[in-house]
Amino acid sequence: MMRWVGFGCRLVTGGIFLFACLDKLQKPGAFAAAIDHYHLVPYALLHPMAHGLPILELIVGLALVFGVLRRGAAMLAAVLTVIFIVAIASALVRGLDISCGCFHTDGGHAVGITLLLRDFGLLVLCLPPLFFRDAGPELSHLRKMAAGSNG
């Protein structure tokens, strides 16, 4: 049973990270502006971060979905989610009325308690693939299954 819980969490978390990177990859300038609205990153790092973070989200998402280096991917997903939680909490404490920039660079979800709760939920989803020894089939298992059916 725990295997399927871990597998489901892995797929959902990976899918969320994949979906989150799509708009950011297409509009890095708009994503840099969204990052800047938090007032946490020095100007010199805005564009490298706006280009690098979506690529990291893409890699983490693919690794989780395909089960490649899943524990490392789950750890990176958890770390990124904690960073997102800290940024959102910081914006809330400072009273910033901004869009989160999570999934859409043009508008999107406003920073608020519901967003914070959503990210805590995402953090919980990151844990089973990280801590369960077996979190469902991995790409290597699927290759073996495919090779077995061909031979």
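Taken together, the values in this text are just the output of simple stated rules run on the coordinates, not laboratory data. Everything numeric here is computed off the predicted structure, so don't read it as measured data. Neighbour counts are summed over all protein chains in view; Cβ atoms, including those assigned to glycine, are modelled from backbone coordinates with ideal geometry.
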The set of cysteines in the chain having no other cysteine's C-beta under 4.7 Å reads C9, C21, C126
By Cβ neighbour count within 10 Å, fewest first, L64, L69 rank L69, L64
Rh (Kirkwood, all Cα-Cα pairs) for the chain, Å, reads 16.2 Å
Ranked on Cβ counts within 10 Å of their own Cβ, fewest leading, H39, H109 go H39, H109
Computed about the Cα centre, the charge dipole of the chain from +1 Lys/Arg and -1 Asp/Glu charges at the Cβ has a magnitude in debye, to the nearest 20, of 560 debye
Going fewest to most other Cβ atoms within 10 Å around each Cβ, F120, F84, F17 line up as F120, F84, F17
